[in-house]
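Structure, as structure tokens:
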Amino acid sequence: MDTLLSAEERELYETVKEFADTVVAPAAYQYDTERRLPIEIIRQMGDLGLFGLPFPEEVGGRGKDYVQLCLAVEALGRVDQSIGVTLEAGVGLGIMPIFRYGTDEQRQQWLPDLVTGRALAGFGLTEARAGSDAGATETTARLDGDEWVIDGSKQFITNSGTPITSLVTVTAVTNETERPDGSVKKELSSIIVPSGTPGFTVGESYDKVGWHTSDTHPLTFEGVRVPAGNLLGERGRGYANFLQSLDEGRIAFAALATGAAQGCLEEAVRYAKERNVFGTNIGSHQHIAFTIAKMQARAQQARLCWHDAARKMVAGKPFKMEASIAKMVAGDAAMENARAATQVFGGYGFLNENAVARHYRDSKILEIGEGTTEVQLMVISRELGLAA
């Protein structure tokens, strides 16, 4: 890690790591069992300036860059993926679209609370029949005078139903035109919907395999009316704008997965040194030692991949393929390390009170969220000029 980071980056990582170890980790099992997002911890993260890391000081941010955000996500993901993804999604999907595409008025209204962690925001893209294929979006928005009227539904939306959620940005079909071949072209736009708007219903939290602490809900929009000025960015550019955020989000997602892989590694090393069988610690057995050595290699590979993608992004270089590689490699590393760590722990690894058990349940979504492994392979293939 030292050779990858500047002194400033190392200081940030160590600060967040200490916070993760002393504040997040001791409470992780309790909140995972209760299946609720600990707002008190989110506020402390806000006090540390984590939600404002990649934003300029003039909007209340820390004036850092995307690499430092990813470092914070990785440090948190070591001990609790739910907390890590709350930061990742809160910044990448909640704040970034408003900062990047919002009007001055929208920025002034929403950013002060979002970049300080006093509020959270979600981004509603996924639907029952529109995930990887966003062109299948069915939610609609039509102009009625000076208001948008929104109808439809979204699912799997992170940070959408917390006590401090202030808004959800939704993609909706705002027009349809017929192509020469008879197919329909949908115009997708992004619209800000404040929490509590009449007709906007947040459904019950999902009963998920993992990420129990992360806030995730289905959303329903029935005749929801918001001002025409709530359009975010240019009309018809909603999906195109989201794709940029998605590419960036894959890097942060890779950092989260790297943190998970690292957390499993650290737990396995500790347990292998402590657990004695037949008069010696299990780490002295070659099979266990080699298993953990492979875990180290996976975590390091994942870390190098997300750093490569993030630093190219910050430098203004193309990073689309690198982001997909990082997301795929890190997701695989997290899942494999979770499985390996659980095996090292044996029966104790099957107890939910152990961090490796939580990582085992949590890590599968790292191969699905922000674009499945198959989608990443498709992106990489296309970037290589191959048909996919």
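The values are calculated or read from the model by the stated rules, or taken from the named source; none is laboratory data. Please read these numbers as outputs of a predicted model, since none were measured by experiment. FYI the Cβ positions are ideal-geometry reconstructions off the backbone, even for glycines, and counts take in every protein chain you see. Side chains are part of the model used for accessible areas, which takes the heavy atoms of the whole protein and leaves out ligands, DNA and RNA. Shrake-Rupley method; radii C 1.70, N 1.55, O 1.52, S 1.80 Å.
May I ask for the angle, rounded to the nearest 10°, between helix 320-345 and the longest principal axis of the chain, with both axes built from Cα atoms and the value confined to 0 to 90°?
In the chain, helix 320-345 runs at an angle near 40 degrees to the longest axis.
Past the 28 angstrom mark, what percentage of all C-alpha to C-alpha distances in the chain do you count? Walk me through the numbers before you get to the answer.
On the way: 34019 of 75078 pairs.
Everything past 28 Å amounts to 45 percent.
Note down the relative contact order for region 292-338 as a percent, whole number, built from C-alpha pairs under 8 angstrom at least six residues apart. Intermediate results must be reported in sequence, preceding the final value.
Details: 36 pairs, mean separation 23.2, N = 47.
Relative contact order comes out at 49 percent.
Helix 104-115 against the longest principal axis of the chain: what's the angle in degrees, Cα atoms only, rounded to the nearest 10?
So the inclination is approximately 20 degrees.
Using modelled amide H (1.01 Å from N, peptide plane; none on Pro or chain starts), what sits under 5 Å from the amide H of residue 147, excluding residues fewer than 5 places away?
The list, which skips near neighbours in sequence, is 228.
Report, in deg cm²/dmol and to the nearest 500, the calculated mean residue ellipticity at 222 nm for the chain, where each DSSP H run with n ≥ 4 adds -39500 (n - 2.57) and the sum is divided by the residue count.
When only DSSP H runs of four or more count, the value is -15500 deg cm²/dmol.
Using the C-alpha gyration tensor of region 154-217, what are the square roots of 5 times its eigenvalues, in whole angstrom, with the largest one first?
Sorted largest first and rounded, they come to 31, 16, 9 Å.
On the principal axes of its Cα set, how long, how wide and how thick is region 134-186? Give whole Å, largest value first.
Principal-axis extents of region 134-186 (Cα, largest first): 48, 29, 12 Å.
May I ask you to compute the full-extension gain from residue 287 to residue 225, defined as 0.36 nm times their residue separation minus their alpha-carbon distance, rounded to one decimal in nm?
Here the answer is 16.2 nm.
Order of 95-101, 241-247 by packing, highest average Cβ count within 10 Å first?
Those peptides, ordered most packed to least, come out 95-101, 241-247.
Which of the residue pairs 64/317; 294/317; 294/364; 185/320; 64/312; 208/364 have a Cα-Cα distance greater than 21 Å in the structure shown?
The pairs that break the limit, which is 21 Å between Cα atoms, are 294/317; 185/320.
Which ³J(HN,Hα) values, rounded to whole Hz and listed in residue order, are derived for region 138-152 from phi using the Karplus coefficients 6.51, -1.76 and 1.60 in 6.51 cos²θ - 1.76 cosθ + 1.60 with θ = phi - 60°, glycine and proline given as x?
After applying 6.51 cos²θ - 1.76 cosθ + 1.60, I find 10, 4, 10, 9, 10, 7, 10, x, 9, 9, 8, 10, 10, 9, x Hz.
Leaving out ligands, DNA and RNA, what percent of the accessible area of region 338-388 is carbon and sulfur, probe 1.4 Å?
57 percent
Given N residues in region 302-378, what is Rg(Cα) / (2.2 N^0.38 Å)?
1.29
Which shape class, rounded, prolate or oblate, goes with region 1-83 when its Cα gyration tensor gives a ≥ b ≥ c as root eigenvalues, a/c under 1.5 marks rounded, and past that a/b bigger than b/c marks prolate?
Details: a/c = 2.58, a/b = 1.44, b/c = 1.79.
Here region 1-83 falls in the oblate category.
List the chymotrypsin sites (Phe, Trp or Tyr not before Pro) within region 259-323 that DSSP assigns to loop and that have no more than 11 neighbouring Cβ atoms inside 10 Å.
Filter output for region 259-323: 278.
Express the C-alpha Rg of region 72-143 as a ratio against the empirical globular expectation 2.2 N^0.38 Å, rounded to two decimals.
So region 72-143 has a normalised radius of gyration of 1.33.
What FRET efficiency would be calculated for the residue pair residue 301, residue 58, taking the C-beta separation as r and a Förster radius of 35 Å, to the nearest 0.05? Mind showing how you got there, number by number?
Details: r = 38 Å, r/R0 = 1.09.
After rounding, the FRET efficiency stands at 0.40.
Kindly give the semi-axes, whole Å and largest first, of the ellipsoid equivalent to region 184-299, taking each as the square root of 5 times a Cα gyration tensor eigenvalue.
In descending order the semi-axes read 48, 19, 10 Å.
If I build a Gaussian network model for the chain, linking alpha-carbon pairs within less than 10 angstrom, which residue out of 324, 183, 214 has the largest mean-square fluctuation?
Residue with maximal mean-square fluctuation among 324, 183, 214: 183.
For region 108-248, count the residues as N, evaluate 2.2 N^0.38 Å, and divide the Cα radius of gyration by that value, please.
Dividing the Cα Rg of region 108-248 by 2.2 N^0.38 Å gives 1.05.
With the other protein chains left in place, how much accessible area per residue, in square angstrom, belongs to region 84-202 at a 1.4 angstrom probe?
So region 84-202 comes to 40 Å² accessible per residue, rounded to a whole number.
Using a 7 Å offset from the Cα along the Cα-to-Cβ direction at both residue 275 and residue 178, what is the distance between the two label points in nm, to one decimal?
Going from the residue 275 label point to the residue 178 one covers 6.6 nm.
Leaving ligands, DNA and RNA out of it, report the carbon-plus-sulfur percent of the accessible area of region 30-157 at a 1.4 Å probe.
Details: 2070 of 4690 Å².
Within region 30-157, the accessible surface is 44 percent carbon and sulfur.
Between residue 105 and residue 187, what is the label-point separation in nm under the 7 Å Cα-to-beta-carbon projection?
So the label points at residue 187 and residue 105 sit 2.0 nm apart.
Would you mind counting up the charge near residue 207? Only other residues with Cβ under 13 Å from its Cβ, with Lys and Arg at +1 and Asp and Glu at -1.
My count for the surroundings of residue 207 gives +2.
Given a Förster distance of 45 angstrom, what is the FRET efficiency for residue 10 paired with residue 136, based on the Cβ-Cβ distance and rounded to 0.05?
Approximately 0.50, to the nearest 0.05.
At R0 = 25 Å, how high is the FRET efficiency between residue 372 and residue 352 if r is their beta carbon distance? Nearest 0.05 is fine.
0.40
Report the net charge of residues surrounding residue 35, where surrounding means a beta-carbon distance below 14 angstrom and charges are Lys +1, Arg +1, Asp -1, Glu -1.
That works out to -3.
Treating only the Cβ atoms of Lys and Arg (+1) and Asp and Glu (-1) as charged, compute the dipole magnitude of region 143-264 about its Cα centre; round to the nearest 20 debye. Could you put the intermediate results ahead of the total?
Working: 9 positive and 15 negative charges, 65 e Å.
Approximately 320 debye in magnitude.
Using 0.36 nm per residue, how much length does the chain from residue 204 to residue 386 gain when fully extended, once their Cα-Cα distance is taken away?
The residue 204-residue 386 span can extend by a further 61.3 nm.
What is the sum of charges around residue 253, taking Lys and Arg as +1, Asp and Glu as -1, for the other residues whose C-beta is under 10 Å from the C-beta of residue 253?
Values: positive: 250, 327; negative: 88, 248, 370.
Net charge around residue 253: -1.
Semi-axes, largest first, in whole Å: what does sqrt of 5 times each Cα gyration tensor eigenvalue give for region 1-139?
Rounded to whole Å, the semi-axes are 25, 20, 15.
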